Each structure stands twice: as structure tokens, then as C-alpha cells.
Ligand code: DC
């Protein structure tokens with residue numbers, strides 16, 4: 001069974017997806033980390049500048065970001081681990097720079113093709129998955145058993161992004177105004193792009209998490225799942 005959670009930046013979908021997966025004993029798939037990884041790899045291993053990420057050579061994308069070299073792993077003990085050529089790169093992916101670079105590169109068709117291949121491998125290997133991202137319910141897993149769409153106010157998403165200790169090293173703290181502006185720019189880019197934009201699938205359940213704790217969000221999702229299973 002597949003459960004998808006989509007939503008805009010810093011809406012809390014990754015935390016909710018991870019906790020929901022743990023609660024259900026499901027595999028956790030965080031698709032955003034793969035877009036971050038593509039951007040990181042092209043920047044650091046293929047010498048791409050930020051502006052070149054807007055239009056990478058599809059041969060470079062296929063060479064560097066293919067399923068053999070870029071691997072996604074998850075288990076309960078270690079959490080998510082992203083590997084490039086067998087070396088773990090997870091720790092480098094959640095920075096303000098990669099927030100922006102991932103949003104830029106996720107517009108590119110060849111990148112979505114490579115990540116689609118990785119996703120299909122995961123779906124073949126795992127029977128039960130909680131997947132979070134922008135297009136999990138709309139494009140990647142249109143037949144998912146449950147689709148959630150998580151939102152929160154811009155103020156609350158800014159607060160959460162700044163409070164996320166996994167995202168920032170001490171020297172690159174952003175001000176609230178800078179963070180809010182960066183979130184709005186990414187929202188805009190993720191929503192207007194032609195390929196797999198951020199949309200709420202018609203059959204998704206919308207949850208506004210602005211005034212909810214993480215546990216309340218997951219409890220709400222569990223209540224939907226239990227109610228549908230009981231029906
Ligand atoms: O969820 P995140 O903030 O880690 O995602 C980083 C970027 O990756 C986001 O700005 C858009 C892109 N992304 C995407 O296009 N499709 C997904 N399924 C997940 C992320």
C-alpha cells in the first residue's frame with residue numbers, strides 16, 4: 001500500500017511522512033532529497049554553477065544521476081541515506097543553497113526522468129511506502145491508497161524552516177524575512193513549472209497544519225486511514 005503526502009516547502013510533510021511511516025512500519029521515501037542530491041552532485045562533481053543547473057546537459061544528468069550511482073536507502077535505525085558512488089552525501093543536502101538549487105533543477109525533464117527510474121525501482125522493491133514530495137500523489141503514485149496534501153501558513157512554514165536544526169549550519173542562518181522570501185520563490189517555481197508541478201490531487205485529503213503539532217497531523221492521517229479501512 002502506498003500513502004502519499006504532498007505539499008509546499010516547509011509544510012511539515014517530510015516529518016509527518018517519516019513519523020507516519022514509523023507508526024505503520026512502512027518504508028519512508030523522501031523524494032525531495034533526490035532532487036537535492038542531483039543538484040549537489042552536478043555542482044560538486046560536474047563543476048556546475050547555480051545558473052547552469054537551470055539547463056544541464058541531459059547527458060550529464062544521465063551520467064551522474066543514474067540509478068547505479070545515485071542511491072536512496074532507508075531503514076528505521078539509520079533513517080534516510082543518500083549515496084553517490086557508494087559515499088553518503090545526506091548531510092550536505094539540507095542547506096539553504098540546496099533548497100534553491102533543488103527547486104531550480106527539479107524543473108528539468110531529464111532530472112525528473114532519472115528520479116522517476118529510481119522511484120520505480122523503490123516501488124518494485126517495497127510493498128508499503130509513505131512517500132512525500134510535490135508530485136507523489138499526482139504523477140509518481142496516482143493509484144496510492146491514501147493521498148494527503150499538507151499546508152501551513154507562510155509564517156508558520158518560515159518558523160519551522162528556521163527551527164529545523166537539520167537544515168542550517170551555524171554560519172548560514174537566514175533571517176525570517178530572507179527565509180520567507182526564499183520559501184515564496186520556491187513555491188512559485190514548484191507550482192508554475194510545466195512538468196509535474198505542485199498541485200493538490202483531486203482525491204487528496206487536505207490538512208492545514210498551521211496550528212497542529214506533528215503528532216496531531218499524524219494522528220489525523222491515522223484516523224482517515226483507520227476509518228477507510230473500517231468502512
Ligand atoms: O521537499 P524538499 O523541499 O526537500 O524538495 C526540494 C525541491 O525538490 C523542491 O523545491 C521541489 C523539488 N521536488 C520536486 O520537484 N518534486 C518532488 N516530488 C519533490 C521535490
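Bear in mind these aren't lab numbers, they're just calculated from the coordinates by the rules spelled out. Here the structure is a predicted model, which is why all the values come from computation and not from measurement. Positions of Cβ are backbone-derived with ideal geometry, glycine not excepted, and every protein chain shown enters the neighbour counts.
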At a Förster radius of 35 Å, what calculated FRET efficiency corresponds to the Cβ-Cβ distance of residue 155 and residue 83, to the nearest 0.05? 0.45
Per DSSP helix of 4 or more residues, -39500 (n - 2.57); summed, then divided by the residues of the chain. What does that give at 222 nm, rounded to the nearest 500? -14500 deg cm²/dmol
Quote to one decimal, in nm, the extra length available between residue 208 and residue 222 on full extension: 0.36 nm per residue of separation minus the C-alpha distance between them. 3.5 nm
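Quick one: grab the alpha carbon gyration tensor of the stretch 2-210, order the square roots of its eigenvalues as a ≥ b ≥ c, and give me rounded if a/c is under 1.5, else prolate or oblate depending on whether a/b is larger than b/c. Don't jump to the answer; show the numbers that get you there.
Values: a/c = 1.33, a/b = 1.05, b/c = 1.26.
Rounded, since a/c falls under 1.5.
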For each of 136, 98, 221, 212, count neighbouring Cβ atoms within 10 Å of the residue's Cβ, then give the residues from fewest to most. 212, 98, 221, 136
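Going by C-beta contacts inside 10 Å, put 93, 76 in order with the fewest on the left.
76, 93
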Can you put 187, 75 in order of Cβ neighbours within 10 angstrom, beginning with the fewest? 75, 187
Take every DSSP beta bridge whose two residues both sit in the chain, then give the antiparallel share in percent to the nearest 5. 30
For residue 126 and residue 66, what is the calculated FRET efficiency with R₀ set at 30 Å and r taken between the beta-carbons, to the nearest 0.05? 0.90
Return a whole-number percent for the relative contact order of the chain, with Cα pairs under 8 Å and 6 or more residues apart as the contact set. 33
